[in-house]
Amino acid sequence: MPEFVGAEGGTSFRDPSGFVFLHQGVVHRQVNSSYQRDYELLVGSGLYQRLVDRGLLIAHEEVELAEFDRPLPSAYKFLRPEPISFISYPYEWCFSQLRDAAILTLAIQREAIALGMTLKDCTAYNVQFERGKAIFIDTLSFEEYQEGEPWVAYRQFCQHFLAPLALMSQTDIRLNQLSRTNLDGVPLDLAARLLPFRSRFSFSLAIHIHLHARLQATSANRPSRMAGQGKSRAGEGAVSRRALLWLVDHLETAVKRLRWNPGRSAWSAYDQEHLYAPETLKKKEEVVGAYLDQLCPSSVWDLGANTGRFSRVAADRGARVVAFDLDPCCVELNYRRLVEEQQTRILPLLLDVTNPSPGSGWLNRERASFLSRGPVDTVLALALVHHLAIANNLPLIRIAEFLREVGHSLVIEFVPKDDPQVARLLASREDVFPDYHVQGFERDFQEYFELEAAETLPNSSRVLYRMRARGGSYPDNRPWIKSNIRTKDS
Amino acid sequence: MCLYSKASPSLPRKSVLLLLSLGWKGLVHFMISVNGLSVLAYIDPGSGSLLLQVLIAGLLSGLFYLKSSCTQLRESFTRVFKRHA
């Protein structure tokens, strides 16, 4: 197996059907010889084309490549899938994104059964967001459906999708973070324990979570003949095709019944935008727009995007934007609006800038860290710096260092102490920030950036800057590009 | 173990009665010891999860059977009353 793991590689090294690797900087997938029959069925049955036409599965082209000349499974084919512009993970998604990913997976399973195939795994990491929609990226997840066999991926579906959605809906929205530490989704016994008592009265949760958890515990205690023994056929007709389709339908109803509505948290757009006089807000949009016109980025990260007003300013200029925010309410509202507008260039995600997603999983690289998925052309850091510097005690120079690492250019808003927002942050604490002023800010940021332009907003003391990173291209952050990781070229 | 099979239409009736008579723990024990369920998969399907699907499939068959019995009962009642009318 290549040591290559990372944002593009993900977990594919665990899959015996094939694996993902980089060739000339582009993601490719090897289809192992052992998977030949299932792959031919996928294409031959028409399932691949049907799913691609409906926009459910990522399209790929078959390419000719020389085989790896190292001890790896022998290759049947090589595929080049359409690239995903930004890899994201379930613990970075809002409620509706996870919900859409769940519904997508079930729709695919339904189509697959109709054409004689079934999904052999159901992890949330098989889904990515591209052009504003959830899309299934694991082309090798399909295997031939044997009539009468139960669904092997049912447990994974419950742990990766149903349990986190139920927890977010009925216990606390922040519980999707359980996916960060549990690689294979939320354990069902944990979910059963955390869900409120009333969840037992919901028929679907009672079966798929509570009863499921009980049966897992009970059968774990008994030695059984179940642990992988040769034959791949379950007891004759144990779960008929009709029962399986009913199960898929029932899971879909269960998912759709789970709802979460963001309340008005202190961070939501309504509060944020009332802080600006209308002409100030309008001017801010104009200035940010003008700066972006001068920078011409193709990729933008909007840190502290709130409900995405300025992400849209960037997207309107043709950039691909990832809109990050700390508040699940904001990300949810942003995502719902983007879906309504059918916006294809913005991806909203959850992120705490002071504690961004770490590299995790195998070798700490199976799930890529936030920093390793950059840098981007331009970072927007609007109405953000005071939260980092004042509320989080981060020295301005450290903030500059961070922003230098993630972007080649920067549009940033400095919020001085006399602004009502900062005054509010300082109201209940000692002012230990003697260097927090415009001159100190400019001095510290000039260590890492060239200050190209600055403009003070009307009726406000906030200043908008356009900056370009010093020192040319920053060294590539992605650890798997480093020398000990193999690619086809090396 | 076959809870439902096209070959023997009387099987659903027997299986529903069996399910009801065994009680909770007995049912689990019975199913694990008798069930030849062995599924080869690259991920761990979870023996409890496979069991649950068989149970649900049985429940579904049972519900269908119950529903069809009720319909049959209703129809025979209407037939009886129609004959007398």
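The values are calculated or read from the model by the stated rules, or taken from the named source; none is laboratory data. Being a predicted model, the structure only gives us computed values, none of them experimental. Note that we place each Cβ from the backbone using ideal geometry, even for glycine, and neighbour counts take in every protein chain shown.
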Hits in the range A:295-326 (condition: crowded, with 23+ Cβ neighbours inside 10 Å and of a type in the set (D, E, K, R)): A:ASP302, A:ASP325
For A:VAL186: the one exception among (1) part of a helix (DSSP H, G or I); (2) crowded, with 16+ Cβ neighbours inside 10 Å; (3) of a type in the set (A, V, I, L, M): (1)
Specify which of the listed residues (A:VAL313, A:VAL321) is within 23 Å of A:PHE129 (Cβ to Cβ) and assigned to a strand (DSSP E or B). A:VAL321
When residues of the range A:137-157 are limited to those that are assigned to a strand (DSSP E or B) and surrounded by 21 or more Cβ atoms within 10 Å (Cβ to Cβ), the one farthest from the other protein chains (Cβ to nearest Cβ): A:PHE142
Would you pick out the residues in the range A:324-355 that are touching a strand residue (DSSP E or B) at 6+ places or on another chain (Cβ under 6 Å) and assigned to a strand (DSSP E or B)? A:PHE324, A:ILE346, A:LEU347, A:PRO348, A:LEU349
From the option list A:HIS160, A:HIS210, A:HIS250, single residue qualifying as at pLDDT 95 or above, within 25 Å of A:GLN146 (Cβ to Cβ) and within 14 Å of chain B (Cβ to nearest Cβ) is A:HIS160
Pick from the range A:108-136 the residues that are of a type in the set (Asp, Glu) and not in a helix (DSSP H, G or I): which of them is nearest to A:ASP53 (Cα to Cα)? A:GLU130
